[in-house]
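J.: One structure coming up, written as structure tokens, with questions to follow.
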Amino acid sequence: MAAATCFTFSAVCPMSSSRALDATEAVTNAVVGLVVSWAFTYYALPFWGLRPSPGDALGVTLAFFCLSAARSFALRRLFRGLA
């Protein structure tokens, strides 16, 4: 019965698989955010008079990427602990 509630492809759902899946989801979410953030920083900020270079846009985006991945993973683990 417990295996049916797991979000893995195997019949067994050990705790480490849950954590690995949580980390994978958080990183995937952050990577999508990375692409969107870089595109916004590089292409949209010039509308406000800010003209970041591709490298500057990448630096800002990477900082937010790291924060996003850590935040997402921590919140997921917190809510899993509450459940």
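The values are calculated or read from the model by the stated rules, or taken from the named source; none is laboratory data. Here the structure is a predicted model, which is why all the values come from computation and not from measurement.
J.: Scan segment 30-83 residue by residue and report those that are under 28 Å from Arg19 (Cα atoms) and part of a loop (DSSP other than H, G, I, E, B).
T.: Ala83
J.: Would you point out which residue out of Ala69, Ala11, Ala30, Ala23 is at pLDDT 85 or above and of a type in the set (A, V, I, L, M, F, W, C)?
T.: On inspection, the qualifying residue turns out to be Ala23.
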